[in-house]
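Asker: Take this structure first; my questions come after.
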Amino acid sequence: MRPTPTNKNIRADSGTNRLSADGESSAIGTGADRITGGQEALQARFARSQPSLSSSRKLLLTKILDESPETYFLSSRDMGKRYGVNSATIIRTIQALGYEKFADFSHDLREHFVTKLTPYTAMKAAEQNALTIDGRIRQSVEKDIDNLTILRRDIEPEKLAEIAGRINISQRVVIIGIDFAASLAHALAYGLVRLGFDADAPIGSSGVIQNRLKIMTPKDLLIAISFGRGLRETIDAVRTARRRNIPSFGITNGEQTPIAKYCDSYLIASIEPTSFIDSYAAPMTAINALLVACAHIQSERSLEHLRQFEVEYKASHRWYSEEGDPI
């Protein structure tokens, strides 16, 4: 029987959702009844309020949403100046959508903005900050550290151990990650193979992925890595697994992503960037932690496989050495 999709998240993120450049970009839900944040929340409010909105308010809200890269960070006063109205008009307009505070509207407007981010728009937004190249380098490193701090604060080790247990009883583990996420998928697959698991991260066309899915059974496990809106091939793979009763686990960056919506369980790791490329420091750290859990859940087996690798390494010319130096 499939695990129920409720209470399925392994949280390791502050809840910040953004679009990703695994080719991707962020925000959706853990079920139709939970699509409540970001783009969905704001657009849903707008759609529900349409019959009662005046034409002037509809026009104002349409402009604010369409121009979210330039409006998501504005105060009500600055937003009013941009559109030639006073701040009271802005407040009354957002209250017509059901918001009590401008801060709540501003939060959802930012979520709407990030769901539409691309590497181009992300870098364009970053250019609004007048930083030197040195400053941008430091900012990027600091953002990686911030994301890791969130992971350290919010991760639930016992939940990660549950996923390691699921991997341990699976006959085969297939890991799907595309574009930038492919490096994460490969790292996880490589680590699992080193520990003796039947795991791989198929690469190539969508046909390669679909062919791999066709030979999977409910005794296997699909791991999908995708962030934000999600790449179509990755999400299609998860939905195919769901239809065929194949257990699935996801690594993503928010509770409102398609991965969170369709996977049986998932781990959240922030990928919040400073410029055009997402920060994968936290997902990689989470994968390392998962591999540690997998190694120690059956330590004798893991040690035996690692011992075999060590024997092979000592008998091979794997490591570089200067000519004449002992290996």
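Asker: Looking only at segment 112-134, how many residues end up being modelled with pLDDT under 85, in a helix (DSSP H, G or I) and not charged (D, E, K, R)?
Answerer: The qualifying residues number 10.
Asker: Same structure again: Take residues that are modelled with pLDDT of 90 or more and over 28 Å from T257 (Cα atoms) and tell me which of the helices (runs of 4 or more DSSP H) falling wholly in segment 38-111 contain 3 or more.
Answerer: Numbers: elements: 38-49, 55-66, 68-71, 76-83, 87-95.
By residue number, 55-66, 76-83, 87-95.
Asker: Pick out the one residue from A189, A181 that is touching a residue at least 12 places away in the same chain (Cβ under 8 Å) and closer than 23 Å to E304 by Cβ.
Answerer: The match here is A189.
Asker: Within segment 144-159, can you find the residues that are part of a helix (DSSP H, G or I) and either more than 23 Å from G250 (Cβ to Cβ) or not basic (K, R) (or both)?
Answerer: Of segment 144-159, the ones part of a helix (DSSP H, G or I) are 144-154, 157-159.
Across segment 144-159, the qualifying residues are D144, I145, D146, N147, L148, T149, I150, L151, D154, P157, E158.
Asker: With respect to the numbered conditions (1) among the hydrophobic types (A, V, I, L, M, F, W, C); (2) under 19 Å from the mean Cα position of the chain (by Cα); (3) in a helix (DSSP H, G or I), which one is the sole condition not fulfilled by L192?
Answerer: (2)
Asker: Can I ask one more? Among the residues of segment 202-221, which ones are in contact with an Asp or Glu (Cβ under 7 Å, 6 or more places away or on another chain) and surrounded by 18 or more Cβ atoms within 10 Å (Cβ to Cβ)?
Answerer: Within segment 202-221, just I209 meets the criteria.
Asker: Starting from segment 207-231, take each residue that is within 20 Å of P258 (Cβ to Cβ) and in contact (Cβ under 8 Å) with a residue 24 or more places away in the chain and list its partners that are of a type in the set (F, W, Y) and part of a strand (DSSP E or B), counting only C-beta distances under 6 angstrom and pairs at least six apart or across chains.
Answerer: Listed pairs, sorted by first residue: I223/F249.
Asker: Residues in segment 227-234: is at least one in a loop (DSSP other than H, G, I, E, B) and either more than 21 Å from T252 (Cα to Cα) or outside the structural domain of F309 (by TED's automatic domain parsing) (or both)?
Answerer: No, because not a single residue in segment 227-234 is in a loop (DSSP other than H, G, I, E, B) and either more than 21 Å from T252 (Cα to Cα) or outside the structural domain of F309 (by TED's automatic domain parsing) (or both).
Asker: Taking segment 192-201 as the search range and keeping residues that are on the phi < 0 side of the Ramachandran plot, touching a residue at least 40 places away in the same chain (Cβ under 8 Å) and not basic (K, R), which one is surrounded by the fewest Cβ atoms within 10 Å (Cβ to Cβ)?
Answerer: Per the criteria, the residue is F197.
Asker: Can you find a residue in segment 154-164 that is closer than 17 Å to Y280 by Cα and in the same structural domain as F227 (by TED's automatic domain parsing)?
Answerer: Yes; the residues of segment 154-164 include at least one that is closer than 17 Å to Y280 by Cα and in the same structural domain as F227 (by TED's automatic domain parsing).
Asker: Residues S321, S302, S275: which one is more than 16 Å from the chain's Cα centre (by Cα), outside the structural domain of L184 (by TED's automatic domain parsing) and farther than 24 Å from T217 by Cβ?
Answerer: Exactly one of S321, S302, S275 is more than 16 Å from the chain's Cα centre (by Cα), outside the structural domain of L184 (by TED's automatic domain parsing) and farther than 24 Å from T217 by Cβ, namely S321.
Asker: Name the residue, out of A199, A185, A161, A189, that is in contact with an Asp or Glu (Cβ under 8 Å, 6 or more places away or on another chain) and either among the basic types (K, R) or modelled with pLDDT of 90 or more (or both).
Answerer: Result of the check over A199, A185, A161, A189: A189.
The values are calculated or read from the model by the stated rules, or taken from the named source; none is laboratory data. Keep in mind it's a predicted model, so treat the numbers as computed, not measured. FYI the Cβ positions are ideal-geometry reconstructions off the backbone, even for glycines, and counts take in every protein chain you see.
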